[in-house]
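Q: Structure in structure tokens, see below.
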Amino acid sequence: MTAAGTAPASPAAPGAAATSGPAPVAELRHVSKWYGDVVAVADLSFELWPGVTGLLGPNGAGKTTSLKALCGLLRPSQGEVRVFGRTLAGDSALYRSIGVVPDGDRLYPRLTVRSYVRLHADLQGLERPGAAAERAIGEVGMEALAERRLKGLSKGERQRTKVAGAIVHQPSLLVLDEPMTGMDPGQRAHFMDLVRVLGAAGVTVLVSSHILAEVERLASQVLVLVGGRLAAEGDYHAIRDLMEDQPRTVMVRADEPRRLAPGLIALPTTVAVEVDGEALQARTRSVAAFATALPRLAHDQDVSLREVRTTDESLEQVFRYLVRRR
Amino acid sequence: MTRSLALFRFSFAELLGGRFRRLLVVLLLVVVSLLLPALLNSASDPSDFMLGLFSNVVLPIALPVVSLVFSTAALGGELRDGTITNLVLKPLSRASILAVEYLSALVATLAVLLPALVAAQLLAAHGLGLAALLKGMLLATVLAAAAYCALGMALSLWASRALLIGLVYAVVWEGAVVGAAPAASSLSVRGYAEGVLDAILRGSGGPTLDARLGPVSATLLALIVTVGALALAVRRLARMDFR
């Protein structure tokens, strides 16, 4: 794994001083944030370049804290955040080029979709706020619901409205915290298309998620947070390869699991087998090969299978594995 | 400027919409019920009645309640609901966000109280009545509303129960404590309003108040409280984390 990939020239930073070489669009330098004795993120450093970057991590890994520090909602206890080469503290003009979809609902329930997005356009001081709002509503596919009040919308529809508010001023840096929460599959697909188009157009997009499959379809570059620290960063596929290599545990309940053990341990992908009463736990490097072999073995040994499931599929365990591999 | 105007329009509409409509209806009912005895009893002097209404009902109850409800809701509601991120993630300094929210709370307060006062005076006096009384009531209301709103804004950034704390200040401190120890009126917004009203009434030939503070000290103290509370609020908002 490497640092965040290639470094194309950053887009014109609003009012930024000219530099001798390409500079990241945004960067965290040794950022820590703690609340009393609780450390939310520790010594976090990364850079963002144009294109889509995924921020992965299990719940409680520090994704939201990192995003909030990046966009100025939280002041780091230690370290520095720079956006377009400048610090955000006291420089509200930078928000002309930043769009943020924060976590939580954070909507005004009495407003309609149109008036909410229009409010964002007005607060950005856009020259044609009405036209900008209509374009943003169209981009998230909410035209048909534009006159509906936000309190009557589904979670996914409210999320799309938040995205429209965040992109109404066509920002150069877009920060999205779990933006697909509550969206149905169709809405997710539409949203992912939108993010990919923005990334391809040179917008720097940082999108957080705890769902690997979402990030896989969105971003080639990822940052992986575990326990408030950066566990891995770089190309998604390299990280994915490491995950594929991780042995997984499969739990089998059967009437006589002891009779399955010799056949399972003989599989080349099996790492270990343990039997405890009617339960058998196998560690395997290929769940697919295990799932193919198990029914045949059960048939041959005349064993009735009652339950078969993997027990360590959670992201947290995958990430812990990544941390151990570093 | 256009961003600030947009924020003002939005904040003002939010304050006067929704649940605050119910508050306004209740307040109007209270004012009307207070006016009814005067309308039915033509023997009472309109100026005496209006001054009594202002000093016994508007100053101790209506003015602090309306000011504190609006001012603690302006930013406090945004903080409670998390919607403040919609504002701070915009090209607006936090000081200008606070200033605009303060102005919207103040204008909403005055939009409720000033017409009610004028209407009450018109009804009670069957005309404009004593001009000095009306002028004094309006000026005292503006001065006190400015101070209460500043206090409400600051409280809402420091405490989750800002409205309750503000009302305890208005009832316990300005009512009970200042009543028992008049020297404490130098720390009472109601005392500042009474000082200004009393100064305007003196020499008008009408009724007067027994105010503890002179007009200059009352005005200066009100300005110091207003500016001080707003400065504290700006400092707090500028350093605030939004978790």
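Q: A:Ser97 - would you say it is over 14 Å from A:Ile167 (Cα atoms), of a type in the set (Gly, Ala, Ser) and within 13 Å of another protein chain (Cβ to nearest Cβ)?
A: For A:Ser97, the condition - over 14 Å from A:Ile167 (Cα atoms), of a type in the set (Gly, Ala, Ser) and within 13 Å of another protein chain (Cβ to nearest Cβ) - is not met.
Q: Do we have A:Gly141 as at positive phi and more than 9 Å from every other protein chain (Cβ to nearest Cβ) here?
A: Criteria met by A:Gly141.
Q: Next question. A:Leu107 is checked against (1) within 9 Å of chain B (Cβ to nearest Cβ); (2) over 24 Å from A:Leu153 (Cβ atoms); (3) of a type in the set (A, V, I, L, M, F, W, C); (4) surrounded by fewer than 23 Cβ atoms within 10 Å (Cβ to Cβ) and fails just one. What number does that condition carry?
A: (2)
Q: What's the number of the only condition in (1) over 18 Å from B:Leu230 (Cβ atoms); (2) in a helix (DSSP H, G or I) that B:Tyr148 fails to meet?
A: All conditions pass for B:Tyr148, except number (1).
Q: Next question. Which pairs have Cβ atoms under 6 Å, sit 6 or more apart or on different chains, and link a residue in the stretch B:166-181 that is in contact (Cβ under 8 Å) with a residue 60 or more places away in the chain and of a type outside the set (Gly, Ala, Ser) to one that is assigned to a helix (DSSP H, G or I) and buried (at least 16 other Cβ atoms within 10 Å of the Cβ)?
A: B:Glu174/B:Arg190
Q: Next question, about the same structure. Can you name the residue in the stretch B:78-104 that is part of a helix (DSSP H, G or I) and of a type in the set (D, E, K, R) and, of all such residues, is farthest from the other protein chains (Cβ to nearest Cβ)?
A: Per the criteria, the residue is B:Glu101.
Q: Taking the stretch B:210-243, which residues are at pLDDT below 90 and buried (at least 21 other Cβ atoms within 10 Å of the Cβ)?
A: B:Ala211, B:Leu213
Q: Find the helices (runs of 4 or more DSSP H) located wholly in the stretch A:122-213 whose residues include 1 or more that are farther than 30 Å from B:Ser4 by Cβ, of a type in the set (Phe, Trp, Tyr) and out of contact with any Cys (no Cβ under 6 Å at 6 or more places or on another chain), and list them.
A: Correct list: A:185-200.
Q: Here is a follow-up. Can you pull out every residue in the stretch B:1-34 that is over 17 Å from B:Ala95 (Cα atoms) and either touching a Cys at 6+ places or on another chain (Cβ under 9 Å) or at pLDDT 85 or above (or both)?
A: B:Arg9, B:Phe10, B:Phe12, B:Ala13, B:Glu14, B:Leu15
Q: Let me ask something else. Going through the stretch B:206-238 one residue at a time, which ones are in contact with a Leu (Cβ under 8 Å, 6 or more places away or on another chain), among the small types (Gly, Ala, Ser) and either at positive phi or assigned to a loop (DSSP other than H, G, I, E, B) (or both)?
A: If the condition is that a residue be in contact with a Leu (Cβ under 8 Å, 6 or more places away or on another chain), among the small types (Gly, Ala, Ser) and either at positive phi or assigned to a loop (DSSP other than H, G, I, E, B) (or both), then B:Gly206, B:Ala211 are the ones that fit.
Q: With the condition being more than 17 Å from B:Ile84 (Cα to Cα) and out of contact with any strand residue (DSSP E or B) (no Cβ under 9 Å at 6 or more places or on another chain), I'd like the strands (runs of 3 or more DSSP E) fully within the stretch A:38-101 carrying at least 1 qualifying residues.
A: Result: A:38-48.
Q: Scan (1) touching a residue at least 24 places away in the same chain (Cβ under 8 Å); (2) surrounded by fewer than 20 Cβ atoms within 10 Å (Cβ to Cβ); (3) within 9 Å of another protein chain (Cβ to nearest Cβ) for the single condition A:Leu73 breaks and write down its number.
A: Looking at each condition in turn, A:Leu73 falls short on (2).
Q: Right, next: Can you confirm whether B:Ala238 is within 14 Å of another protein chain (Cβ to nearest Cβ) and more than 16 Å from the chain's Cα centre (by Cα)?
A: Spelling it out, B:Ala238 is indeed within 14 Å of another protein chain (Cβ to nearest Cβ) and more than 16 Å from the chain's Cα centre (by Cα).
Q: Any chance the stretch A:209-217 includes a residue that's within 13 Å of A:Val52 (Cβ to Cβ) and in contact with a Ser or Thr (Cβ under 8 Å, 6 or more places away or on another chain)?
A: Scanning the stretch A:209-217 turns up at least one residue that is within 13 Å of A:Val52 (Cβ to Cβ) and in contact with a Ser or Thr (Cβ under 8 Å, 6 or more places away or on another chain).
The values are calculated or read from the model by the stated rules, or taken from the named source; none is laboratory data. Keep in mind that this is a model prediction, so the values were computed, not measured. Note that we place each Cβ from the backbone using ideal geometry, even for glycine, and neighbour counts take in every protein chain shown.
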